[in-house]
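> Can you read through this structure? Questions will come right after.
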Amino acid sequence: MNLRRYSKKKGFLKLIRKEYLIEKGFFTLAMVMIATVLLMFAFVVIESLPAFGHSGFFNFLVGLRWSPDMNIFGIFPMIVGSILTTAISLIIAVPMSVSCAIYLEEMAPAKLKDYFKPVIQTLAGIPSVIYGFFGLTLIAPIIRNIFGGSGFSILTASVVLALMILPTIISLSQDAIKSVPNQFREASFGLGSTQWQCIKYIILPTALPGIITAVILGMGRAVGETLAVLMLAGNVSVIPSSLASPIRTLTSNIALEMGYATGIHYSALFATGVILFMVIMVLMIVSTLCSK
């Protein structure tokens, strides 16, 4: 009897020790991830210090001219370009994404929903260069014929960006709508609500924090996109005068010039990365706060 109790106690202690080791292992991995992000940020900041010392942080941020040959570095036109392309892509993508998520979760037959899911996943997995080719061959000529210009513009890049962020917003919005308890729907229908009234007054307000998080994460994808924007935006570092004007974004600026940059120019591209890093961090913090 004592031997049996001893073996049970020994087995219990082994289980406790195993759980302790697993917990510490997960904690260590989490700390490694945090340390990696901090090291990346520290590295980018250190490499950018010569540029900030040369131009000054404020002048670098609001300067209107980017001329590496003359050691003049101002990224304000690129900040405007990034903001405009992201904002326009969200204006296009958010209504489509949320409407699609509502239809799939609340109205679509089960079979149709099963067909749509792999299509959305496929959209999320398409490489950005394919989206760029699609924009070059189809979207840019349409924009050129309607608005004039070369077709490489804010609007062209924004339309393709909207297509790229659709899967992210749709999938996360679906999850938010799916998380609304069925009791809410049953209570609404029990009070005589129509399906649309239930969606408008019960489901959407309840799922709103999750939908906002989906939009912010889609915004982060749009801000950080490089290749498709590089192929479609025109890459001119000026403040645009219309939707048909070419622009250059922060990410495309780094991708265009990092291959041959040296000295202060090289440091200025890292400084551009610092600004981009800060924008992404702010978006992630806002997303975390909205999800609570």
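> Only one of these is assigned to a helix (DSSP H, G or I), at pLDDT 80 or above, closer than 30 Å to Val274 by Cα and of a type in the set (D, E, K, R): Glu47, Glu23. Name it.
Residue meeting the stated conditions: Glu47.
> Across the range 138-172, which residue is surrounded by the fewest Cβ atoms within 10 Å (Cβ to Cβ) among those that are closer than 18 Å to Val223 by Cα, small (Gly, Ala, Ser) and over 14 Å from the mean Cα position of the chain (by Cα)?
In this case the residue turns out to be Ser153.
> Something else: Ser171 passes all but one of (1) out of contact with any strand residue (DSSP E or B) (no Cβ under 7 Å at 6 or more places or on another chain); (2) over 27 Å from Ser99 (Cα atoms); (3) of a type in the set (S, T, N, Q); (4) in contact (Cβ under 8 Å) with a residue 12 or more places away in the chain; which number fails?
With (1) out of contact with any strand residue (DSSP E or B) (no Cβ under 7 Å at 6 or more places or on another chain); (2) over 27 Å from Ser99 (Cα atoms); (3) of a type in the set (S, T, N, Q); (4) in contact (Cβ under 8 Å) with a residue 12 or more places away in the chain applied to Ser171, the lone miss is (2).
> Please go through the range 255-292 and give me each residue that is aromatic (Phe, Trp, Tyr) and not in a helix (DSSP H, G or I), ordered by number.
Of everything in the range 255-292, just one residue is aromatic (Phe, Trp, Tyr) and not in a helix (DSSP H, G or I), namely Tyr260.
> I'm told Gly135 meets every condition in (1) farther than 15 Å from Gln174 by Cα; (2) under 16 Å from the mean Cα position of the chain (by Cα); (3) crowded, with 19+ Cβ neighbours inside 10 Å; (4) not polar (S, T, N, Q) except one. Can you identify the failing condition by its number?
(2)
> So which residues in the range 99-129 are assigned to a loop (DSSP other than H, G, I, E, B), at pLDDT below 85 and under 23 Å from Val215 (Cβ atoms), if there are any at all?
Selection gives Ala108 alone.
> May I ask you to say which residue of Ser252, Ser237, Ser241 is of a type outside the set (Phe, Trp, Tyr), within 16 Å of Ile83 (Cβ to Cβ), out of contact with any Pro (no Cβ under 6 Å at 6 or more places or on another chain) and not in a helix (DSSP H, G or I)?
Among Ser252, Ser237, Ser241, only Ser241 is of a type outside the set (Phe, Trp, Tyr), within 16 Å of Ile83 (Cβ to Cβ), out of contact with any Pro (no Cβ under 6 Å at 6 or more places or on another chain) and not in a helix (DSSP H, G or I).
> What is the residue count in the range 231-249 for residues that are of a type in the set (A, V, I, L, M, F, W, C), under 23 Å from Gly63 (Cβ atoms) and crowded, with 22+ Cβ neighbours inside 10 Å?
Residues that pass the stated criteria total 2.
> Taking Thr213 as the residue in question, decide whether it is closer than 19 Å to Ile165 by Cβ and surrounded by 13 or more Cβ atoms within 10 Å (Cβ to Cβ).
yes
> Taking the range 50-82 as the region of interest, how many residues are part of a loop (DSSP other than H, G, I, E, B) and surrounded by 19 or more Cβ atoms within 10 Å (Cβ to Cβ)?
2
> Another one. Residues of the range 222-260 being among the small types (Gly, Ala, Ser) and closer than 18 Å to Val44 by Cα, which ones?
Correct list: Gly224, Ser252, Ala255, Gly259.
> With a cut-off of at least 2 residues that are of a type outside the set (D, E, K, R) and more than 30 Å from Asn235 (Cα to Cα), name the helices (runs of 4 or more DSSP H) lying wholly within the range 139-207.
So the answer is 154-178, 182-190, 195-198.
> If we scan the range 212-232, do we find a residue that is without any contact (Cβ under 8 Å) to a residue 60 or more places away in the chain and closer than 20 Å to Ile130 by Cα?
Within the range 212-232, one or more residues are without any contact (Cβ under 8 Å) to a residue 60 or more places away in the chain and closer than 20 Å to Ile130 by Cα.
The values are calculated or read from the model by the stated rules, or taken from the named source; none is laboratory data. Since we're looking at a predicted model, the values are computed, not measured. Using ideal geometry, Cβ is built from the backbone for each residue, glycine included, and neighbour counts are taken over all protein chains shown.
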